[in-house]
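The structure under discussion appears below in the form of structure tokens.
The values are calculated or read from the model by the stated rules, or taken from the named source; none is laboratory data. Just so it is clear, the structure is predicted and the values come from calculations on it, not from any experiment. Because the Cβ atoms are built from the backbone with ideal geometry, glycine has one as well, and the counts that use them run over all protein chains shown.
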Amino acid sequence: MAKRTILITGAGQGIGQAIAFRFAKEGDRIAAVLKDGPAQVEETRKGILAAGGKANIYEVDVRDPESLKKMIAEIGDIDVLINNTSAPCFKEPMHTSPEQFDLAWSTSARAAFLLSQLCFHQLKKSKNGHIINIAPPLNLEVEWLKDFLPFALGKYGMSLCTRGFAAEFEPFGISVNSLWPQTNIATPRLKEHLTPQVYAGSRWPSIMADAAFVLASRKMTGQFLIDETLLRESGMTDFSKYAVDPNHPLVQTLFLPLKKEMIPISREMFR
């Protein structure tokens, strides 16, 4: 496959950084968008180069349309857009401030909408233009809305972007899909919000990176994929390498029907 340009938001740590490193292994050019400070900028840059990719780092606020326009013009060709940013907001609805809500919404649904819109002309020139939103299936169970409404609004907003832009962009050969983890993912930010037991039952971000890489080569659109399911369909059977603690039962993430062999995540697990 010819080398591509991959635009990834939230690439300074966690899932976004793991995805950046995975695509870099193929020699792809990585346009990494982050706002995590000098140490994370350097870590991300070095990691992309060490993996074999080309690194272009953009310290851009995904809430600022003018900065996004300038960045996209500077990047030029774009083959894959991965909308990964979101701000953790796990407070109960009645204890969520307007500022916390605005941050959660603007870094997730609004950012995904703006970037999909702004990258359209570059993506339609690609041989396999693709948008991947790190967002859940549209399972609107009351339990998620009751306990995690501010976060759910942002993430489900990204899922609606998947559904809407998939229909809008299909005539132009652009695929738009969502990817979501089966389990909790061991990212630095979530570690701050969850108990140690939940972290032990998590998987490393590399599982999402491997799934995103598989998805980016597929010709499908408007789908909501789960990392483990997608990788199993691709032939993978052993997932032990992704476990933070292989001896700990896995903790399922938000917004999914419970698998009987996993521990359900709940409000009590957040701190």
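Some notes on this structure:
- Gly52, sole failed condition from (1) surrounded by fewer than 17 Cβ atoms within 10 Å (Cβ to Cβ); (2) in contact with a Pro (Cβ under 8 Å, 6 or more places away or on another chain); (3) within 18 Å of Gly12 (Cα to Cα): (2)
- Scanning the stretch 45-77 for residues that are in a helix (DSSP H, G or I), among the aliphatic types (A, V, I, L, M) and either farther than 23 Å from Glu99 by Cβ or at pLDDT below 95 (or both) yields a count of 8.
- Qualifying residues in the stretch 154-177 (those that are aliphatic (A, V, I, L, M) and farther than 17 Å from Val62 by Cβ) - the one nearest to the chain's Cα centre (by Cα): Val176
- Residues (surrounded by fewer than 19 Cβ atoms within 10 Å (Cβ to Cβ) and either more than 13 Å from the chain's Cα centre (by Cα) or assigned to a strand (DSSP E or B) (or both)) located in the stretch 201-213: Trp204
- Filter pass, Ala166 being hydrophobic (A, V, I, L, M, F, W, C), in contact with a Gly (Cβ under 6 Å, 6 or more places away or on another chain) and surrounded by fewer than 23 Cβ atoms within 10 Å (Cβ to Cβ): yes
- Qualifying residue in the stretch 133-154 (condition: of a type in the set (Gly, Ala, Ser), over 29 Å from Glu261 (Cα atoms) and out of contact with any Cys (no Cβ under 6 Å at 6 or more places or on another chain)): no
- Among (1) of a type outside the set (S, T, N, Q); (2) more than 28 Å from Ser106 (Cα to Cα); (3) modelled with pLDDT of 95 or more, the one test that Phe23 misses: (2)
- Residue in the stretch 123-145 that is part of a helix (DSSP H, G or I) and touching a Ser or Thr at 6+ places or on another chain (Cβ under 7 Å) present: no
- In the stretch 215-241, the residues that are buried (at least 19 other Cβ atoms within 10 Å of the Cβ), part of a helix (DSSP H, G or I) and either hydrophobic (A, V, I, L, M, F, W, C) or more than 17 Å from the chain's Cα centre (by Cα) (or both): Leu215, Ala216, Leu230, Leu231
Yes/no per residue for (1) surrounded by fewer than 17 Cβ atoms within 10 Å (Cβ to Cβ); (2) of a type outside the set (A, V, I, L, M, F, W, C); (3) within 26 Å of Met269 (Cβ to Cβ); (4) more than 15 Å from the chain's Cα centre (by Cα):
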residue: Ala111; (1), (2), (3), (4): no, no, no, no
residue: Leu118; (1), (2), (3), (4): no, no, no, yes
residue: Leu123; (1), (2), (3), (4): no, no, no, yes
residue: Glu143; (1), (2), (3), (4): yes, yes, yes, yes
residue: Ala152; (1), (2), (3), (4): no, no, yes, no
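- Checked against (1) in a helix (DSSP H, G or I); (2) at pLDDT below 95; (3) closer than 25 Å to Val176 by Cβ, Ala87 passes all but a single condition, namely (1).
- Some residue of the stretch 69-87 being surrounded by fewer than 16 Cβ atoms within 10 Å (Cβ to Cβ) and under 20 Å from the mean Cα position of the chain (by Cα): no
- Residue in the stretch 187-197 that is assigned to a loop (DSSP other than H, G, I, E, B), modelled with pLDDT under 95 and touching a Pro at 6+ places or on another chain (Cβ under 7 Å) present: yes
- Residues of the stretch 27-44 satisfying the condition of being closer than 20 Å to Leu68 by Cα, among the charged types (D, E, K, R) and modelled with pLDDT of 95 or more: Arg29
- Among residues of the stretch 90-100, those that are part of a loop (DSSP other than H, G, I, E, B) and either among the polar types (S, T, N, Q) or crowded, with 16+ Cβ neighbours inside 10 Å (or both), counted: 4
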